[in-house]
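What follows is a short report on a single structure.
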Amino acid sequence: MPDEVVVYTSDDEIEGQLYKEMLEEAGIPAIIKIIPDMWGQRTVFTGPHQARVMLLVSEEDEQQATAMVESFREEAESGRLAEELEEPDEE
C-alpha cells in the first residue's frame, strides 16, 4: 500500500479489526499495525501491558476512511447503533 496514513489508533485490537473490516467491506484496503509496549510482555506485578493498534489506509482513501470511522464511533457512543440493532426488521 503506497503512502499509508493512520486514520485511527487504539489499545484495543478487536476494535481495530472491526474498523478494518468495515473499511474493507466499503472497498477501502486497510492495514492493522500493532506496536508492542516497551516491555512487550506481561508481568506478575504490573499486569498486562497494552500494545498500540494503528489502522492505516492509503493517502487517497484517508478522508473517506476517517469519515466512516468517526461516523461509526459517533453512532456507537450516542446509543443509536445499539437501538438499530435491537429493532426488528419490518417486513
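The numbers here are math on the coordinates, done by the rules we state, and not lab data. A quick note: this is a predicted structure, and the numbers were derived from the prediction, not measured. In this analysis, Cβ positions are derived from the backbone assuming ideal geometry, glycine residues included, and neighbour counts consider all displayed protein chains.
Structural remarks
- Which of LEU55, LEU18 has the fewest Cβ neighbours within 10 Å, and the rest in rising order: LEU18, LEU55
- Computed packing ranks the peptides 62-69, 9-16 as 62-69, 9-16, most packed first, by mean other Cβ atoms within 10 Å.
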